[in-house]
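The values are calculated or read from the model by the stated rules, or taken from the named source; none is laboratory data. Predicted, not measured: the structure shown is a model, and the values here were computed from it. For neighbour counting, all protein chains shown are included, and Cβ atoms are generated from backbone atoms with ideal geometry for every residue, glycine included.
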Amino acid sequence: MNYKSFLYKLSLFLSPNFYNQILQELPEKNNITILDVGFYKGEFSKTLITMLKKMAGNVDITVKSFDPNNNVDRSGFEIFSNSLNLDWQHFSIALGNKNSRENFTTLKLFPSSGSSINNILVKSKWLKTRRIIFSPFTSLSNHFETYEIEQKTLDSISLDLPDIDLLKIDVEGYGYEVLQGGTETIYKHNPIIQIEILAKKDDYQISKNKILKFLGNLDYKCVGYKKHYTTHFFSDVICSDMIFVNKAKKND
């Protein structure tokens with residue numbers, strides 16, 4: 001295992017998850033559809049699907065994944081998908097609040113963290129402390145790369161799905177824009193929503209309140225909140241995950 005894989009596995013271990021709660025909230029039916037935004041290597045979907053299959057082995061699962069980072073080996077998820085006969089389709093684009101071409105920044109040491117359109121980590125203390133620990137003799141400019149990618153709104157993509165049961169958004173501080181571009185889709189399908197909030201400490205509460213207000217206007221309520229342990233006392237960023245369910249669907 002190389003150091004990037006080790007850091008990725010460590011970040012997964014230290015990150016919060018709502019797997020058990022999601023399994024409790026998912027409807028009991030023969031087909032479950034997951035939209036995984038910020039897919040990376042697919043560990044979120046892989047773990048959830050493995051747990052779901054143990055509970056209901058006969059359920060058919062559809063996964064639509066989105067991630068513009070093409071420097072990622074997703075063969076592991078492809079093998080996993082084929083072994084379970086999943087209906088998996090990957091879109092090599094970013095989701096946001098408009099259809100456009102945008103700059104996408106990837107952190108070389110931590111490609112699963114901070115790789116986004118709205119990159120707040122490039123000049124952060126979060127990255128500086130990790131650079132000192134893992135690669136102290138390199139310049140900051142050697143730790144990231146930026147290139148142009150395609151961005152679309154979720155509402156503009158013809159997914160042709162009868163239902164969407166879960167929308168997971170992990171896009172390093174760009175989640176609000178993803179929600180904005182998916183308003184019609186969310187309103188139509190009322191999926192469970194798990195979303196990461198990443199912001200500078202001074203902006204965190206504002207970012208959190210924007211998402212709470214946006215989803216509140218769509219009749220959603222927050223049913224879970226967990227802070228990431230990968231951010232620390234000396235960091236200048238805060239990261240957390242929240243899970244939302246539609247109030248009407250919750251009461252069905």
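Assessment of the stretch 166-186 against the conditions (in contact with a Cys (Cβ under 8 Å, 6 or more places away or on another chain) and more than 20 Å from Ile34 (Cβ to Cβ)) yields no matching residue.
Total residues in the stretch 171-195 satisfying the condition of being modelled with pLDDT under 95 and under 18 Å from Val63 (Cβ atoms): the figure is 1.
Does any residue of the stretch 165-179 turn out to be surrounded by 21 or more Cβ atoms within 10 Å (Cβ to Cβ), in contact with a Lys or Arg (Cβ under 8 Å, 6 or more places away or on another chain), of a type outside the set (Ser, Thr, Tyr) and over 22 Å from Phe104 (Cα atoms)? No, every residue in the stretch 165-179 fails to be surrounded by 21 or more Cβ atoms within 10 Å (Cβ to Cβ), in contact with a Lys or Arg (Cβ under 8 Å, 6 or more places away or on another chain), of a type outside the set (Ser, Thr, Tyr) and over 22 Å from Phe104 (Cα atoms). Scanning the stretch 152-164 for residues that are surrounded by fewer than 22 Cβ atoms within 10 Å (Cβ to Cβ) and either part of a loop (DSSP other than H, G, I, E, B) or in contact with a Leu (Cβ under 9 Å, 6 or more places away or on another chain) (or both) returns Lys152, Thr153, Ile157, Ser158, Leu159, Asp160, Leu161, Pro162, Asp163. In the stretch 26-41 there is at least one residue that is of a type in the set (Phe, Trp, Tyr), out of contact with any Gly (no Cβ under 6 Å at 6 or more places or on another chain), in a loop (DSSP other than H, G, I, E, B) and at pLDDT 90 or above.
Here the stretch 53-66 is the region considered, the condition is being buried (at least 19 other Cβ atoms within 10 Å of the Cβ) and touching a helix residue (DSSP H, G or I) at 6+ places or on another chain (Cβ under 9 Å), and the residue that is farthest from Leu84 (Cα to Cα) is Phe66. Take the conditions (1) buried (at least 18 other Cβ atoms within 10 Å of the Cβ); (2) closer than 24 Å to Tyr19 by Cα; (3) at pLDDT 95 or above; Lys221 misses just one of them, which is (1). Listed by first and then second residue, the pairs with beta-carbon distance under 8 Å, at least 6 apart or on different chains, first residue in the stretch 159-182 and on the phi > 0 side of the Ramachandran plot, second among the charged types (D, E, K, R), are Glu172/Glu196. Of the set (1) assigned to a loop (DSSP other than H, G, I, E, B); (2) surrounded by 14 or more Cβ atoms within 10 Å (Cβ to Cβ), all apply to Asn71 but (2).
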